[in-house]
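The values are calculated or read from the model by the stated rules, or taken from the named source; none is laboratory data. What you see is a predicted model; the values in this text were computed from it and never measured. Note that we place each Cβ from the backbone using ideal geometry, even for glycine, and neighbour counts take in every protein chain shown. Heavy atoms of the whole protein, side chains included, go into the accessibility calculation; ligands, DNA and RNA do not. Shrake-Rupley method; radii C 1.70, N 1.55, O 1.52, S 1.80 Å.
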Amino acid sequence: MTFSELGICPEILEAIEVLGFETPSPIQEQAIPPALSGADILGLSHTGSGKTLAFSIPALESIDPSVRSVQVLCLAPTRELAVQICREVDKLALFLDGVSAVPIYGGSSFGPQLAALKRGVQFVVGTPGRVIDLMEQGELKTDSISMLILDEADEMLDMGFQEDIDRIVAMLPEDRQTLLFSATMSPAIRNLVESVAGAPQEISIERPQLTVPTCEQIVYEVVFSSRIEVLSRLIEMGRMKRGLVFANTKRVVDDIVDGLLARGYAVDRLHGDMPQTLRERVMDSFRKGNLTVLVATDIAARGLDIDDVDTVVNFELPRDPEDYVHRIGRTARAGRKGRAVSFIGRRDFSLLARLERFVGVRMQREKVMTGTQVEEVRRESLVDEILEKAASVTELPEELNDIDMPVEQLLAAMFNLLVAKTSRELQPIPEDRPSKFSRPSRATDDAGTPVEKGNDWSSLQQSVTLFMNGGKLLGLRPKDIAGLFYNEGGAPKGMVGDIRLFLKHTLIEVSPEIAPQLIERLGTCHICGYEVNVREDKGRPTSVGNEPHEREFRPRERERRGASYSGRNNSGIRRERDARGNSGFLGRREAYGRQERSERVFYDKFSKRPRRRD
């Protein structure tokens, strides 16, 4: 089938031809015709399947160029995706006179976005937060919107945008067309579909196998400054005999190469600033085995065809899931085994979850090798090499014939000399040091099994403690957190145990069966309008007793922080939410009328009645 058979207008067909698309993908072939006829669509398709064209083409067809107001609203979970979609729309609208699109997202100035809306754009692609802001300010008018598009709906729900989507939908006309696309179908997605589209036509595209089972995919959580040292340790431990290392920028590529060269490794670089002759020379050296490691950017590494790469390292995670597939596809070829290693930081958990959903594989989490572990493996490898060499040696060298020394003593001296000559001094990294946090002392039951205070389960082995960087200071309540874990995290009923709220953090006991899923889905999420992170708890400081000591914030400190919730704080200042759901402290004058600021008023914690402190 061709695009012309789908009933697309000539102007868009001409743009498609310029872009170089020849035949529609399965999702385009099945979604475009019913969408052009005005039907609501639920498309279940993985990232990279071509669904941007599947909803952009019907959207552009529905636009009336003579109307200078927003007619299509597309919601995306991230600013990067919003910009990417808008670029594709602009390309498709190349021959459509008077049709324009604009991306709107948070973290940037309102000015250019407001100017574009005032000029009269018909296609808006935005993130939920900024869309709500502009709608409530009256700058983004919804009267003429005839189509709503939700791209990556599952990711938007994972990021906690359910309430924002509901608020946006409530402000849109009811007689609109809705196109919703998701990589997965979960109960939360089903509920979302029912609330925004009713009974849409469902189109499901089977996900192809993107990675081979012989490729082992491993993740290390490493701070950026430690990654060159961790990469060196992989080489030292024999886990990278011939490896490809990928970085996102040329500057990082240069830093990696300089760091590995300083450590004495055979390594070279490959990026876009190199002339073609030099690139070919580097590739020839790598193919011949003269290089242990080749460090490259995605653009420079396109078209590489090397069969015996045993390890691919993602020094930085790629933003595009397809780039990740292309990277790790250079190992485990022709039935061989391979390894794909990825370094991540604390801000990469949501991106990692997105990559895992895309490839359909959960990557194996491993701890960084300590200096002691590296030294042990290094010595064991040296013994193996000595034994392998000894199998082919039959005579003692003449220089050793006249030595009158016990064999054990001689072997020990030779071994220590080899270790000293072949060893590289390991650089200390933060991951080597034991955490300054340790598990608090726990009581034990009659059988001597440690039991955490407040557990819903009978022993430590039956629970995992998760840490969330938000607590009473944000106005969180146990039911808010439980709702987040059950609704957004997908935890089965009864899997969330004791929830302990502190001023600035919360500890949540969960079943170990569901802990990895919760960490993956809630690594970065939103609760009560705040962005928080969820990870496995590393414990409290050793100097802390059973109840952690946290400095109580005075009212003025809390007002400056702007964190609050509905109710009263420890000093009696009322906290309320505004119409948008944001919260903040009322000042003393607002809280207590015209009382003088010099008067120190506090609330008795039992009677909740104000008393004057003398």
Legend entry - chymotrypsin sites (Phe, Trp or Tyr not before Pro) restricted to DSSP loop in region 54-157 with at most 15 other C-beta within 10 Å: 95
Legend entry - Solvent-accessible area of residue 538 with every protein chain in place, 1.4 Å probe, in Å² to the nearest 10: 90
Legend entry - Estimated inter-spin distance, residue 395 and residue 418, nm [label 7 Å along Cα→Cβ]: 2.1
Legend entry - Computed label-point distance, nm, for sites residue 402 and residue 204 using a 7 Å Cα→Cβ extension: 8.4
Legend entry - Length gained when the stretch residue 326-residue 97 is fully extended (0.36 nm per residue, less Cα-Cα span): 78.7 nm
Inset, instruction - Just the ratio, please: alpha-carbon radius of gyration of region 105-197 over 2.2 N^0.38 Å, N its number of residues. - result: 1.10
Inset, instruction - Express the Stokes-Einstein translational diffusion coefficient of region 308-420 in µm² s⁻¹, to the nearest whole number, given a Kirkwood radius over alpha-carbon pairs, 4 °C and a viscosity of 1.567 mPa s. - result: 70
Inset, instruction - Within the set of other residues whose C-beta is less than 13 Å from the C-beta of residue 176, count the net charge using Lys and Arg as +1 and Asp and Glu as -1. - result: -4
Inset, instruction - Within region 139-181, list the GluC sites (Glu not before Pro) lying in a DSSP loop whose Cβ has at most 16 other Cβ atoms in a 10 Å radius. - result: 139, 174
Inset, instruction - For an R0 of 41 angstrom, estimate the FRET efficiency from the Cβ-Cβ distance between residue 218 and residue 67 and round to the nearest 0.05. - result: 0.15
Inset, instruction - Quick one: compute a quarter of the convex hull surface over the Cα atoms of region 461-517 and quote it in nm². - result: 3.6
